[in-house]
Structure formats: structure tokens, C-alpha cells
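Here the structure comes first, spelled out in C-alpha cells, and everything after it is commentary.
The values are calculated or read from the model by the stated rules, or taken from the named source; none is laboratory data. Only a predicted model underlies this, so the values are computations on that prediction, with no experimental measurement involved. Here the Cβ positions follow ideal geometry from the backbone for every residue, glycine too, while neighbour counts run over all protein chains shown. For the accessible areas, the whole protein counts, side chains as well, though only heavy atoms, and no ligand, DNA or RNA atoms are used. Shrake-Rupley method; radii C 1.70, N 1.55, O 1.52, S 1.80 Å.
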Amino acid sequence: MASTVNGVRAVALVGPAGAGKTSLAEALLYASGTISRQGSVEAGTSLGDASPEARARRGSTELNLFRLDYLGDRFALIDAPGAVSFAADGLSALEQADMAIVVVDPDPARAGLVEPTLKRIEALGLPHAIFVNKIDSAKGRIRDLLEALQPLSAAPLIARQIPIREGDAITGFVDLALERAFVYRKQDNAEVVAMPDGIKARETDARFKMLETLADYDDELMEQLLSDRQPDRDKVFADLVTEMQEGLIVPVLLGSAENGNGIMRLLKALRHEAPFVERTARRLKLENAKSAAQVLKTVHTAHGGKVSLVRVLAGEFGEGTQVQGARAEERAASAFSMLGQDMRKRGPGKAGDTLALGRLERIETGECISADKGGSIQPKAPQPQQAVYGLAIGVKDRKDEVKLTSAIAKLIEEDPSLRIEHAKDTHQMVLWGQGEMHLRVATERLARKYGVDVRVSPRQVPYKETIRRGTEIRGRHKKQSGGHGQFGDVVLEIKPLPRGSGFQFDDTISGGVVPKQFIPSVEIGVADYLQHGPLAGFPVVDVGVTLTDGSYHSVDSSDMAFRQAGRLAMSEGLPKCDPVLLEPIMEVEIAVPNDATARVNGMIPQRRGHILGFDAREGWPGWDIIRAQLPETEMADLIVELRSATAGVGTFSARFDHLAELTGRLADTVLTQQRQAAE
């Protein structure tokens, strides 16, 4: 079916970092005639990865969007970053794609890197195929790669091609559906050749395995195979299309994006087999919507302001369209098509189109918008990734403080996997993200796009102080300086409370020795002092204070005097109560492949943690969940070591659990550093 009737099909290119997704997009654009010269990521000449941050790293740091036409069919290519730090940028795009091409390299040892991507795709119910890139550099057998990949996939993998070798080099392939042999030609169409000697038996065996898998879902095909009848070629292709679109199988194709090998075969497969937008609308429960589009990314441009990249799922959207979002109604100021970083004015987008709409100021990434008055249907949002790495940030120039708040808000709109925290206890502004590289790129963008240079520093751990024993203490504030003086006199009983109790204040005053109107002022004075404890100025918790006695002056007593008396009593009494440092302990769930479990188990005690238990990761065969408790101070670079131990695929989630005493040399170090910082 032609796209002029059925709309543009959106194909997401996903997979691990370094597999060559952006190079594949470049090759597809070149093969379709969209661009006249194929650029190179390594040389910094590709259409994608054109931002300064991506160019500097020779890899994707943000989503790239392209549009191509091929033989009357139109496609939107969504090139999603593969690096773990930037993977969230492609998550909303995956939701709205009609199909995904999972790009992998041919080394079986790297097969495990693709598992998180496959699991995400399967959770979305998204049809997908695998493209084995860099086939020209394959050292081992493709069947070994497929054997390594199959346990990672819920659906059976079907080899659509088998390689033709000359010595150690792969020079072409046999298409198992067409039963034809092809020889690669660099940057050109593969050439049909006679079936090479010695490959026919392998081709027959591989084709029969492909047909057997297809027959598992087609009784008619199964009957033909059992009767030793050769199925019609059209029947084979129809089954390949239907079963891939329904997620029953995962086709595997071969090629080399850099050399243009296998690219035309991939284009033809997309043209004949990629589903249209109507199936995606059904998957998102939007099949009855008269008009619907979903925002896959937000971009702030220097001259065009805020731009929302949207996938139209039904109806029509363009310049001047009045759109209804989840919380706001706005008019789109303009409409653009996207080709990498290049934006060009265009007309309205219809079902299937991917375009950019300008000035939808209150519409957010992931939101569904409608052009109907009835409002928009909001699909279930994917679970956001928990931030795993944080750095304190501040401006280098104080005049940029106001600009920083606005710039960070825009940065988070562009990348919702970033988060800003104003830490109450440490008075730091902490930028949270998915790793060290993620935050480095974020701060570079703050400088480049918004003109705000920031300095970064390690975030401070919110230590607390508490006491081990109690005391009774008198605090008297007396001051005479002409006219009314100041007089407040209190007796406080201070005692430790169970962990997690916080601060509790009570009084047992009788006989009016401290007038009732001054008792709240005593509590305020006590609470004021507890904000900066006696050891090194950390907040004090789990302390109970009871006002038991005191005295007042009918003229000189005041709220301020009793507040000061409360502070004085605490400042004298708390150091006598055996104060001790507390550190926050986090409960952590670490998800790792089970071949890395032993290494991660060794990391935990080295970080002063202890293991609580293990479970198999639900829905992830061959993965473990390790539950542990770790001091927060030991978690600053946990994600760095975890990714190193798991080839980049391990992850964790964490939440505060409790406070625990910290003593000895570690406590002395913390207290010394805090006192030095306060000087």
C-alpha cells in the first residue's frame, strides 16, 4: 500500500551504543535518494548526531528524526540514542513508532547488551526486527550470534538471510524467502548471482527452519510442510508480514551501514512489511480518536522558541491548529518537517506524519494532544527512569542565578530523565540524571544553548546528629540595656528518642512559672538550635525536650527572651548528652545479569553495605534482583562501578530507609570536613 493513502510509517532505530544506528539512518537516507552523499559519524559529517555534544563524542546524545521517501512510500526514521545515559530520550519515541529495527553488531560476546532494549520493546508490544550491522567485520558465525540472542527474546528469531563467505570475509547473502543469492557491492545494490557451490544444503536447512517457525502460527503452512509440499512464495511472505506485525516472530537481516551492504534489502522489507499507523493507534487505545497526536520530544530553539516534535496518530495538525492537551489548550504557531537538526516549514501533518509544532508552551513530552473540542485521551505513561547520579551545581557568575532556574526548566523539558532537587538539609541545588556523561552533556548544553556557565561539585550527604543519653539543663537569658530589658528563664529535660521519631516537645509547667503564651517561643528556640547540632552543625533528630520549670519577669519577659533562653539551654545541654553522627542508609534494588551477580555481591560489602536477599527478576530470564542496604555516602558513584561490572546493562533503584550511627575514623573525617567547610 502506498503511503499517500495510508500515511507515513515511523520506524525507530534502537540498540546498544556503538552498534551503528545513526550510520544505518545515514545509509537508508542515501540509498533512498534523500541525501546525495552518505556522511560519517566518525568523521563528523553525518546528518544525525549533529549537535556539538554528539559530534564531540562521536555518538548520539539525543534523538534524531529523519524523513525519507522510497518508491512512493514515506517513512519517519527515529534514531534513538543507545548509550544508557541517554536511552530515556528514545523511550517516548518507541511508544509511538510503528516498528523498531534493533541494530546489533555481529560479536556474540556483545549480544547481552541488547537485552534491555528488547525487553522495553516487548513491554510496549511493538513489532520489531533485528539488523546485524558491521557484517563485514564479523569474526565468528552468525548462527552463534543468533544462539546468543535467542534467550534474550520472548519471540523466536527468524534468520531471513544466511551469509555467503569467501575465506573469512562475508561477501554476500542468500535471501531465504526469495531463495536467491546476492553479492554485496560497496555503496550500490547487491547483485543477484547463481547460488554458490556448497551453500545449497545450508540454504535448504535454514529455509526449512524458517518455514517451521512460521508454521507454528499457521495450520495451512504446517500441513504443507508435513505433506512435503513447497509453499507458495507469496504465502511465505504473507506469513512473514503477519507474524512479525503481531509480534510472533522477530526477523533477522544482515548488512553493513558504512558500506551500504544490505541496505536496499532492508528498505524493501520496510516498504512491504512495516505496519501502518492504524495498528499503532490501536496499540495505544486511540483507534476511536478523531484526532490525536503524541509529543515524542520537546526542543528549545534559538529563534523558534519551544518546538514540540509530534507523531500524528489520527486527524490533522499544522500551523494554526487549536490543540487540547491534558491541562491546557493552545494554538500551534507553526509546523516544520525535521531532517536531523534542520527544520523546514511544511503544511499540515496527517495520520502517520511526524512533524514539529511551534509554541505549544504548556504541552509536555509524552502528552497526547487533540484538535477536537472534546479534549485528549491520555495513554498510560511509561514508568520514568529513576535518576541514579547527582551533582551539585551552581553558577560561576552570580548574575546568572536567575537565568539558571529558567535554563534548567527548559533542559528538563527537553530531557525529562533529568531532575533538579533543592536539598533542604545541605542547601545545594542537585542535578540528577542517568550517569556522569549524562550530566556532563547537560551542563555543556546549559552553557551553549542558554549562556549559563555552571560549576559542579560532589553533592553533600545529609548527615544528621542525635544524642545517646539525656540531661536536665537551665537556660537563662537576661539583658538590661536601658528601658525594658529581656528576661527568660527555662529548665529543660532533654532525652534521646527511638530512631525515626524526629523532634518532640512537651511541657509540664504548673503554677504559671512560665506563662502559657511564652511556651511556644521556648519550642521555637529549641527547634532553632536543633537545625545546627553541637558536633559539626548537622541537624539534630530523635530528641525529646520537655519544659519542666522556669521563671519570668512581669515587665522584661517576652517571646524573644524565652526563645533565646530555649536556645541557650540547648546549646549548653546537648553537648553533655553524648552526641553522635548519623548517616542515611538507603534500601537498594540492583538488577543485573546473573553472570555478574557474584561481582556485584562483592561490591556491596566493600561499600559498607549488607545484602538482604535475592530474587529472580520477573520477566527477565537469566537476571537477578539483589536487595541490599548501603550508606548514602557510598552510593555517589555506584552506577559507574555497576555499569562497569555488567557491560553497561546493570541498573538500580534506591529509597531512603533509616539513619544509622557513624563512629570511628569515618565519622572523624566527616566532622573534620564539615568544620573546615564552615570556616
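Of note:
- Estimated distance in nm for a label pair at Q322 and F614, the labels positioned 7 Å out from Cα along Cα-to-Cβ: 6.2 nm
- Interchain or long-range residues, amide H under 5 Å from V452's placed H: A447
- In the chain, the longest principal axis of the Cα atoms and the axis of helix 21-31 are about 30 degrees apart.
- Restricting the GluC sites (Glu not before Pro) of segment 15-105 to loop positions (DSSP other than H, G, I, E, B) with no more than 14 neighbouring Cβ atoms within 10 Å leaves E42.
- Overall form of segment 257-302 per C-alpha gyration tensor (a/c, 1.5; a/b vs b/c): oblate
- Solvent-accessible area per residue, Å², over segment 594-658 with all protein chains present [probe radius 1.4 Å]: 49 Å²
- Whole-Hz ³J(HN,Hα) from phi, Karplus 6.51 cos²θ - 1.76 cosθ + 1.60, for segment 364-377, glycine and proline x: 10, 4, x, 6, 9, 10, 9, 9, 9, 5, x, x, 10, 8
- Label point distance in nm, T672-K268, each placed 7 Å from Cα along Cα→Cβ: 7.3 nm
- The modelled label-to-label distance for the pair K285/E444, using points 7 Å beyond Cα in the direction of Cβ, is 4.0 nm.
- Protein accessible area in segment 311-373, 1.4 Å probe - carbon and sulfur %: 44 percent
- Across segment 91-97, computed HN-Hα scalar couplings (Karplus, 6.51 cos²θ - 1.76 cosθ + 1.60, θ = phi - 60°) run 5, 5, 5, 4, 3, 9, 6 Hz from first to last residue, x flagging Gly and Pro.
- Estimated FRET transfer efficiency (M560, S457; beta-carbon r; R0 41 Å; 0.05): 0.65
- Crossing angle, helix 233-245 versus the chain [Cα axis fit, 0-90 degrees, rounded to tens]: 10 degrees
- Residues with amide H under 5 Å from that of A351, placed H, sequence gap 5 or more: G315
- Using the Cβ-Cβ distance between A238 and R141 with R0 set to 35 Å, the FRET efficiency from 1/(1 + (r/R0)^6) comes to roughly 0.70.
- Charge dipole of segment 374-507 (Cα centre as origin; +1 on each Lys and Arg Cβ, -1 on each Asp and Glu Cβ, all else neutral): 260 debye, rounded to the nearest 20.
- Measuring nothing but how far apart in sequence close Cα pairs (under 8 Å, 6+ apart) lie, relative to its length, the chain scores a relative contact order of 10 percent.
- Correct option for semi-axes √(5λ) of the Cα gyration tensor in Å [calculated from the coordinates] among (1) 62, 29, 22; (2) 39, 36, 27; (3) 44, 35, 28: (1)
- Charge sum, other residues only, whose C-beta stays under 15 Å from I611's C-beta, Lys/Arg counted +1 and Asp/Glu -1: -2
- Rounded Å value of the spacing that divides the Cα centres of segment 363-417 and segment 227-241: 49 Å
- Computed from phi, the 3J(HN,Hα) profile of segment 117-131 under the Karplus parametrisation 6.51, -1.76, 1.60 (θ = phi - 60°) reads 5, 4, 5, 5, 5, 5, 5, 7, x, 8, x, 7, 10, 10, 10 Hz, with x in place of Gly and Pro.
- Lysines whose Cα lies under 30 Å from that of K464, excluding same-chain neighbours fewer than 8 positions away: K396, K424, K495, K576
- Of the beta bridges in the chain, as assigned by DSSP with both residues counted there, near 80 percent are antiparallel.
- Calculated [θ] (222 nm, deg cm²/dmol) that DSSP helices of n ≥ 4 give over the chain, each run adding -39,500 (n - 2.57): -8500 deg cm²/dmol
- Proximity of backbone amide H atoms, modeled 1.01 Å from N, is registered between G394 and R455 at under 5 Å, excluding neighbours fewer than 5 places apart on the same chain.
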